[in-house]
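The values are calculated or read from the model by the stated rules, or taken from the named source; none is laboratory data. These figures come from a predicted structure and were not determined experimentally. No Cβ is skipped: glycine too gets one built from the backbone with ideal geometry, and neighbour counts run over all protein chains shown. These accessible areas exclude ligands, DNA and RNA; they are computed on the full protein's heavy atoms, side chains included. Shrake-Rupley method; radii C 1.70, N 1.55, O 1.52, S 1.80 Å.
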Amino acid sequence: DTGVSQNPRHKITKRGQNVTFRCDPISEHNRLYWYRQTLGQGPEFLTYFQNEAQLEKSRLLSDRFSAERPKGSFSTLEIQRTEQGDSAMYLCASSPPVWDRRAQHSYEQYFGPGTRLTVT
Amino acid sequence: GESVGLHLPTLSVQEGDNSIINCAYSNSASDYFIWYKQESGKGPQFIIDIRSNMDKRQGQRVTVLLNKTVKHLSLQIAATQPGDSAVYFCAENSSPGTYKYIFGTGTRLKVLA
């Protein structure tokens with residue numbers, strides 16, 4: 001499977017603990033995005049990387065959230081001191097370079113299966 | 001698997017009929033729009049996109065219509081099949097040329113056999 005992968009698929013943690021999620025984008029995709037989705041809602045943008053540079057960060061991303069993409073390939077999203085309100089599905093997506101002629105839709109974001117976080 | 005969108009607006013259609021899912025977007029400056037399909041336990045899957053310089057685009061069994069005057073987007077699915085049952089989201093880019101998407105609330109499509 002050469003799609004976007006995310007690990008773990010499910011995470012249950014106690015309030016106050018730190019958690020880290022990993023996203024492996026499609027190979028050669030230079031853009032990577034993190035979203036959060038709660039039941040009954042569409043995904044909400046959290047942050048966006050182009051290569052290793054974090055270019056945009058939502059106001060939803062409090063100081064307890066940090067994302068990295070150190071080598072421009074995989075990315076991690078860490079949540080410190082988790083709260084019950086952090087319970088959600090965390091989705092990762094990636095996009096090819098806009099100059100990639102093989103990409104039929106250069107703005108298309110390919111989503112992974114998500115990591116379901118439950119904070120008890 | 002888990003459910004996506006337990007309290008979403010629901011559209012029920014008979015198998016073989018055409019489906020129309022509507023979406024109102026918020027930003028008149030948005031220049032790119034996408035429809036995504038999301039099945040339970042999975043991430044959103046791209047269906048079709050349209051740029052603001054177009055008002056209609058067709059794919060395989062799907063058509064997207066864009067009305068910029070009233071900021072309305074619709075997705076038409078021809079000959080709806082059981083496999084089309086899912087939650088459908090429209091998304092717009094937050095400003096021209098950006099890659100930050102704003103998703104709508106979603107509509108659940110139920111295909112009746």
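Length gain on complete extension for the stretch A:Arg81 to A:Thr38, per 0.36 nm per residue less the alpha carbon to alpha carbon distance?
Contour length minus the Cα-Cα distance gives 13.6 nm.
Could you report the accessible area of A:Thr13 in Å², rounded to 10, computed with a 1.4 Å probe on the protein chains as they sit in the structure?
10 Å²
So how strong a dipole does the protein assembly as shown carry about its Cα centre when Lys and Arg Cβ are +1 and Asp and Glu Cβ are -1, to the nearest 20 debye?
My answer is approximately 260 debye.
Computed FRET efficiency, Cβ-Cβ of B:Gln58 and A:Glu28, R0 22 Å: what is it to the nearest 0.05?
Efficiency at R0 = 22 Å is approximately 0.15.
How big is the equivalent ellipsoid of the stretch B:25-79 along its three axes, where each semi-axis is √(5λ) from the Cα gyration tensor, reported in whole Å from largest to smallest?
21, 14, 9
Compute the length gained on full extension between B:Leu11 and B:Ser26: take 0.36 nm times their separation in residues and subtract their Cα-Cα distance, giving the result in nm to one decimal.
Separation in residues times 0.36 nm, less the Cα-Cα distance, equals 3.2 nm.
Using only protein heavy atoms and a 1.4 Å probe, how much accessible area in total is buried between A and B, to the nearest 100 Å²?
2100 Å²
Label B:Lys100 and A:Asn7 with points 7 Å out from Cα along Cα→Cβ: what is the distance between them in nm?
3.1 nm
Rg and Dmax of chain B, Cα atoms, in Å?
Cα-based Rg and Dmax for chain B come out at 13.7, 42 Å.
I'd like the antiparallel share, as a percent to the nearest 5, of DSSP beta bridges with both residues in the protein assembly as shown.
90 percent
Calculate I(q)/I(0) for chain A by the Debye formula, one identical point scatterer on each C-alpha and no solvent, and give its log10 at q = 0.10, 0.14, 0.16, 0.23 Å⁻¹ to two decimals.
Each listed q maps to, in turn, -0.28, -0.55, -0.71, -1.38.
Work out Dmax and Rg for the protein assembly as shown from the C-alpha atoms and quote the Rg first, both in angstrom.
17.6, 51
So what's the Cα pair-distance distribution over the stretch B:61-113, bin width 10 Å, in %?
20, 45, 27, 7, 0
For the protein assembly as shown, what is the number of Lys pairs with C-alpha distance below 20 angstrom, counting only pairs 8 or more positions apart or on separate chains?
11
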